[in-house]
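Working notes, beginning with the structure itself.
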Amino acid sequence: MVKPVHTESIWKKWIFIRMFSAYSISIFGVYLDLIAVSVLVGYTWKADPFLVSLIPITYALPGILLGSWAGVAADRLKKIHIMIAADILIAIVTFLLMFVPNIYWLLFLLTLRSAFTVFFYPAQQSLTKRVVREELLTKATALNGLLNQAGKIVGPLAGGMLITVISPQACMAIKAVNSLCSALILLSAGKVEEGGQSRTRTEKAGKNGHLWGTWLEGWKYVLKRKIIFLP
C-alpha cells in the first residue's frame with residue numbers, strides 16, 4: 001500500500017507569511033484612497049469633468065509604460081529591497097498628496113505614486129518563486145491571485161466607507177501608514193535568500209549585462225514566441 005505524500009504547509013514558511021502579510025496590506029491600500037481623491041477633486045475642488053477623468057489614467061498609465069522595466073529590475077536587483085523601497089516611496093508621495101494645492105499637482109503625484117507601485121508587484125511575484133518550494137508554488141500563486149482580486153473590491157469599498165466619516169486627506173494618511181506598515185513587515189523578514197529555483201533567461205542576462213541590454217533581451221524573447229500573437 002502506497003502511503004500518501006504529505007507536503008509541508010505553506011503557512012509554516014515564515015518568510016512567505018511576512019511577504020503575504022505585506023502584500024495583503026499593500027494590495028488593499030492600492031485603491032483605498034481612490035474614492036477620497038475623486039471626492040476631493042469632484043466635490044471640494046469642483047474640477048472640470050475632463051480632469052476628473054484623468055484620475056483613472058494616472059493609476060493605469062505607469063503600468064503600461066514601466067511594466068517591462070519593473071520586470072527587468074526585479075530580475076537584476078534584490079527583490080525584497082525593491083519592495084521595501086517602493087512601499088516607503090509610496091508612503092512619502094501619499095503624505096505629499098495631503099498638501100497638494102490643485103488638481104495638476106494631484107495628477108502628477110498620483111502618476112508618480114503609481115509608477116512606484118508598478119515596481120512592487122513583479123518583485124513580489126518573483127521573490128515568491130524564490131522562497132517557496134516548487135510543490136507549494138501553485139498554492140502560493142493562487143493565494144496571491146485571490147488576494148489581488150479581493151483587493152480591487154475591498155479597497156474601494158473601504159475607501160468609500162471611510163470617506164463618509166473622515167476627510168479625503170485623512171483617508172490619504174491612512175493609505176500612507178498602510179504602505180509604511182507593509183515596509184516594516186518586509187524589514188522584519190531580515191536577510192532573505194533569493195536563490196533556489198532556476199533562473200529565467202532575463203535573470204541570467206541581467207546578472208551579466210546592463211539594464212538596457214536586459215530589457216531588450218526580454219523583448220526579443222517575447223517577440224520570438226509567435227504563439228503569443230495568435231488570436
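The values are calculated or read from the model by the stated rules, or taken from the named source; none is laboratory data. For clarity, every value in this text was computed on a predicted model and none was experimentally measured. Counting neighbours? That spans all protein chains shown, and the Cβs are built from the backbone with ideal geometry, glycine included.
I need the full set of residues from segment 85-123 which are more than 16 Å from ILE64 (Cβ to Cβ), of a type in the set (Val, Ile, Thr) and either at pLDDT 95 or above or surrounded by 22 or more Cβ atoms within 10 Å (Cβ to Cβ) (or both), in order please.
Within segment 85-123, ILE88, ILE90, ILE92, VAL93, THR94 meet the criteria.
Could you check, for segment 172-188, whether at least one of its residues is outside any helix (DSSP H, G or I) and in contact (Cβ under 8 Å) with a residue 60 or more places away in the chain?
Just the residues of segment 172-188 that are outside any helix (DSSP H, G or I), to begin with: 188.
Add one more test, that the residue is in contact (Cβ under 8 Å) with a residue 60 or more places away in the chain, and what stays is 188.
Yes, because at least one residue in segment 172-188 is outside any helix (DSSP H, G or I) and in contact (Cβ under 8 Å) with a residue 60 or more places away in the chain.
Could you list, in sequence order, the residues of segment 26-44 that are surrounded by 20 or more Cβ atoms within 10 Å (Cβ to Cβ) and either over 28 Å from ILE82 (Cα atoms) or β-branched (Val, Ile, Thr) (or both)?
ILE27, VAL30, ILE35, VAL37, LEU40, VAL41
When residues of segment 148-203 are filtered for being within 12 Å of PHE28 (Cα to Cα), modelled with pLDDT under 90 and basic (Lys, Arg), how many remain?
The total comes to 1.
Condition first: among the hydroxyl-bearing types (Ser, Thr, Tyr) and within 19 Å of GLU8 (Cα to Cα). Now tell me which residues in segment 107-153 satisfy that. I'd like the intermediate steps shown before the answer.
Step one: of segment 107-153, the residues among the hydroxyl-bearing types (Ser, Thr, Tyr) are 111, 114, 117, 121, 126, 128, 138, 141.
Correct list: THR128, THR138, THR141.
Just the residues that are farther than 27 Å from ILE174 by Cβ and under 16 Å from the mean Cα position of the chain (by Cα), please, taken from segment 32-76.
Scanning segment 32-76 gives ILE64, LEU65, GLY67, SER68, TRP69, GLY71, VAL72, ALA73, ALA74, ASP75.
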